[in-house]
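The values are calculated or read from the model by the stated rules, or taken from the named source; none is laboratory data. Because the structure is a prediction, the values reported are computed rather than measured. For neighbour counting, all protein chains shown are included, and Cβ atoms are generated from backbone atoms with ideal geometry for every residue, glycine included. Surface areas here come from the heavy atoms of the whole protein model, side chains and all, with no ligands, DNA or RNA. Shrake-Rupley method; radii C 1.70, N 1.55, O 1.52, S 1.80 Å.
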Amino acid sequence: MLREILTLNTDEDALLKTLYLASQKTTISYEEIVEIIGEEEIEDFLLAAEQSKLLLPVISSRSEAWKDKLLLIKPGEKYKMPNIIKILISVLYRKGEWNINHAITTYFKQIGESYWKNMPDFYKRIRQKAKNNKVNAQDIREVAREFNMEDRTGALIAELKGAGLISPFLKLAPANKLLYEINPSVREFP
């Protein structure tokens, strides 16, 4: 499963052990990753983990947007895992399942979102609206309208960002629409 997401030939157990350790902490260090993955695999692992948004660099050039994160692969660096990925990895470690519905429901229930039961379907609709793994705020508003939550669009966008499901892309689409990048790993895998 993880080899499929990360497109690496690294041992699946080492991948899961590394990501599980990261899911249990605020940050994971370069040194902790090397201890499990090994020096010869760390560069490929961190590049793939950052690209798939399973792990993100802590250091940023100007904002918390994923595209502003500075991936430095060297001793002393730290990396963090998005909240939704922490839940996905914990369940994968304990039960062997990659269950996005469970992860999304769990996260939104934990933060006190009153529409937590609707959030897996809400997120799926947002993914359906996405083009090139990006969605604009107007599309999110339209999906919120479908779920009778349009008056909460701003709060929902903030919650989606906090979960690590979307990140501002900081580039305007045609008609000056702000774009959001969607986490490529929060999807069902065959």
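Overview of values
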{"item": "Residue 83 modelled with pLDDT of 95 or more and farther than 19 Å from residue 162 by Cβ", "result": "no"}
{"item": "Segment 90-111 residues that are farther than 19 Å from residue 2 by Cβ and open to solvent by 20 Å² or more (accessible area, probe 1.4 Å), paired with ones that are aromatic (Phe, Trp, Tyr) and assigned to a helix (DSSP H, G or I) (beta carbon under 7 Å, 6 or more apart)", "result": "105/116; 109/116"}
{"item": "Pick from segment 49-67, criterion surrounded by 13 or more Cβ atoms within 10 Å (Cβ to Cβ) and modelled with pLDDT under 95, ranking: farthest from residue 169 (Cα to Cα)", "result": "60"}
{"item": "Qualifying residue in segment 122-139 (condition: under 30 Å from residue 13 (Cβ atoms), more than 15 Å from the chain's Cα centre (by Cα) and either open to solvent by 30 Å² or more (accessible area, probe 1.4 Å) or at pLDDT 95 or above (or both))", "result": "no"}
{"item": "Index of the failed condition, residue 15 passing every other in (1) assigned to a helix (DSSP H, G or I); (2) open to solvent by 40 Å² or more (accessible area, probe 1.4 Å)", "result": "(2)"}
{"item": "For residue 71: the one exception among (1) assigned to a helix (DSSP H, G or I); (2) open to solvent by less than 60 Å² (accessible area, probe 1.4 Å); (3) in contact with a strand residue (DSSP E or B) (Cβ under 9 Å, 6 or more places away or on another chain)", "result": "(1)"}
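One line per residue, one yes/no per condition, for (1) open to solvent by 10 Å² or more (accessible area, probe 1.4 Å); (2) part of a helix (DSSP H, G or I):
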| site | (1), (2) |
| --- | --- |
| 20 | yes, yes |
| 33 | no, yes |
| 39 | yes, no |
| 76 | yes, no |
| 79 | no, no |
| 86 | yes, yes |
